[in-house]
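K.L.:
Submitted below is the structure of interest, expressed as structure tokens.
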Amino acid sequence: MSTFSADQLAQLEQQAIELPSWAFGNSGTRFKVFATPGTPRDPYEKIADAAQVQKFTALAPTVALHIPWDKVDSYDDLRAHAEGLGVQLGTINSNTFQDDDYKFGALTHEDAGVRRKAIDHHLECIDIMHATGSRDLKIWLAEGSNYPGQADLRGRQDRLQESLQEIYARLGDEQRLVLEYKFFEPAFYHTDVPDWGTSYAQVAALGDKAMVCLDTGHHAPGTNIEFIVMQLLRLGKLGSFDFNSRFYADDDLIVGAADPFQLFRIIFEVIRGGGLNNPDVAFMLDQCHNVEDKVPGQIRSVLNVQEMTARALLVDAEALRAAQLSGDVLEANRVFMDAFYTDVRPALAEWRESRGLPADPMRAFAASGYLQQIAADRVGGVQAGWGA
């Protein structure tokens, strides 16, 4: 393990990546969702699957919930169930994109009654957070318009701020509101929170307990995402990541699948900005496994983040800074690229074994027979997916 210093190994050991409960259900594109044998039938089974990722990687100690998809009669029971499996309940994600009432908006809607319904949903989510011990309420809004003139752009921003103010006022002392952005979809002319600047403007007006969530798949092609990461860290407003990949539009594919170098660059800026293993900057996956098995898909994802973190930790910061100061463009780039091209997989495998983990978590999980077991056990009932 000479590849890594003791300090670098300590940083890798602290790394934690939250899993999304919905990644274990039947989910995928908006055109077709392919069912998988053994798909969880309720939130309890989703958490059981998530616990397998933690068991084989020690990278995923928390599971995010999505309301109403993960509503249960007793959140105390669900919390105890999770803790019994060695994981904790994490971020609570709201949902204002399924009801017919939200066709023309939710928190931004012209109709005060519709806004009231959407605000009350978020207040319910905060009540759930008290029961689950969750810190973050994450809000993504599928709100916007398709045609010029269809909507009052400024009015919608005003109404959004008013709605968020009421939600924010309900937060507990240790709770946060995290506002996600997405540059398009499902609206195609304008989106109410399309970029980091809009999210930042909205949360900055709320207060210190409101932060920006950066979803790596929610940017136009060619966007310098690591610059946004740097800026939000610099401003103290980067609350969380949703890690995934995209090729064209938002795909929610396995993180690092489309552009591993981009993931490396993002993690480098996280380290540079003091965001690695910082409790104020949450790492989470937001992915949908439509054609691959769910549990190994999540294992592969957290390992991809770990590998790129390991490579980013190998950047010789002193040599890089010296090259930058001297104006040696090629040397600075060489230092950066040398770390990216380092094959850290053998060293990570050896390090995992030294901690009592499988050297290859993917192979170990495949050999465990867990997928075959749940396929046999989970027969009947409602398979938990988009509309569950």
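K.L.:
For Phe340 paired with Val291, estimate the spin-label separation in nm (one decimal), with each label point 7 Å from Cα along the Cα-to-Cβ line.
P.N.:
2.7
K.L.:
Considering all projection directions equally, how large on average is the shadow of the alpha-carbon convex hull of the chain, in square nanometres?
P.N.:
One quarter of the hull surface, i.e. the mean projection, equals 19.8 nm².
K.L.:
Which order do you get for Glu166, Glu174, Glu18 if you rank them by accessible area with a 1.4 Å probe, largest at the top?
P.N.:
Glu174, Glu166, Glu18
K.L.:
Heavy atoms only, 1.4 Å probe, whole protein assembly: order Thr132, Thr36 by accessible area, highest first.
P.N.:
So the residues, ranked largest to smallest area, are Thr36, Thr132.
K.L.:
If each of Phe97 and Gln157 carries a label point 7 Å out from its Cα toward its Cβ, how far apart are those two points in nm?
P.N.:
2.2
K.L.:
For the stretch 88-95, in order, what is each residue's ³J(HN,Hα) by Karplus, 6.51 cos²θ - 1.76 cosθ + 1.60 with θ = phi - 60°, in whole Hz (x at glycine and Pro)?
P.N.:
With the stated coefficients, the stretch 88-95 comes to 10, 7, x, 4, 9, 9, 7, 9 Hz.
K.L.:
On to the next question. In what sequence, largest accessible area first, do Asp7, Asp173, Asp360 appear using a 1.4 Å probe? Let's see the in-between values first.
P.N.:
Details: Asp7 95, Asp173 135, Asp360 65 Å².
Largest to smallest exposure gives the sequence Asp173, Asp7, Asp360.
K.L.:
In addition: Give me the Kirkwood hydrodynamic radius of the stretch 279-351, using the inverse of the mean 1/r over all pairs of distinct Cα atoms, in Å to one decimal.
P.N.:
About 14.7 Å, per the Kirkwood formula over Cα pairs.
K.L.:
Express in % the proportion of alpha carbon pairs of the stretch 110-230 at distances exceeding 23 Å.
P.N.:
Here the long-distance tail beyond 23 Å is 33 percent of all Cα pairs in the stretch 110-230.
K.L.:
At R0 = 30 Å, how high is the FRET efficiency between Glu318 and Phe261 if r is their beta carbon distance? Nearest 0.05 is fine.
P.N.:
In this case the efficiency is close to 0.85.
K.L.:
Test of understanding: what is the full-extension gain from Arg355 to Glu185, defined as 0.36 nm times their sequence separation minus their Cα-Cα distance?
P.N.:
Numbers: separation 170, 0.36 × 170 = 61.20 nm, distance 4.32 nm.
Contour length minus Cα-Cα distance gives 56.9 nm.
K.L.:
Before I look further, what does the stretch 1-157 give for accessible area per residue, probe 1.4 Å, in whole square angstrom? Before the final figure, lay out the partial values.
P.N.:
On the way: 6670 Å² over 157 residues.
Per residue, the stretch 1-157 has 42 Å² of solvent-accessible surface.
K.L.:
Across the stretch 271-286, in residue order, what do the Karplus-derived ³J(HN,Hα) couplings come to in whole Hz, using 6.51 cos²θ - 1.76 cosθ + 1.60 with θ = phi - 60° and x for Gly and Pro?
P.N.:
Rounded to whole hertz, the list is 5, 4, x, x, x, 6, 6, 8, x, 7, 10, 8, 9, 9, 8, 9.
K.L.:
In nm, what is the difference between 0.36 nm times the number of residues separating Arg363 and Ala131 and their Cα-Cα distance?
P.N.:
79.9 nm
K.L.:
Along Cα→Cβ, 7 Å out, is where each label goes; now give me the distance between the ones at Val379 and Phe34 in nm to one decimal.
P.N.:
2.4
K.L.:
Place a +1 charge on the Cβ of each Lys and Arg in the chain and a -1 charge on the Cβ of each Asp and Glu, then give the dipole magnitude about the Cα centre in debye, rounded to the nearest 20. Can you show the working numbers first?
P.N.:
Details: 35 positive and 55 negative charges, 61 e Å.
Using only the charged Cβ atoms, the result is roughly 300 debye.
K.L.:
Would you mind checking which residues have amide H under 5 Å from Gln88's amide H? H placed 1.01 Å from N; only 5 or more apart, or other chain.
P.N.:
Here Thr62, Val63 satisfy the definition.
K.L.:
Would you tell me the accessible area of Trp196, worked out with a 1.4 angstrom probe on the heavy atoms of the protein chains, in Å² to the nearest 10?
P.N.:
Approximately 70 Å² of Trp196 is accessible to the 1.4 Å probe.
The values are calculated or read from the model by the stated rules, or taken from the named source; none is laboratory data. This is a predicted model, so every value here is computed, not measured. Methodologically, a virtual Cβ is constructed for each residue, glycine included, from the backbone with ideal geometry; neighbour enumeration extends over all protein chains shown. Surface areas here come from the heavy atoms of the whole protein model, side chains and all, with no ligands, DNA or RNA. Shrake-Rupley method; radii C 1.70, N 1.55, O 1.52, S 1.80 Å.
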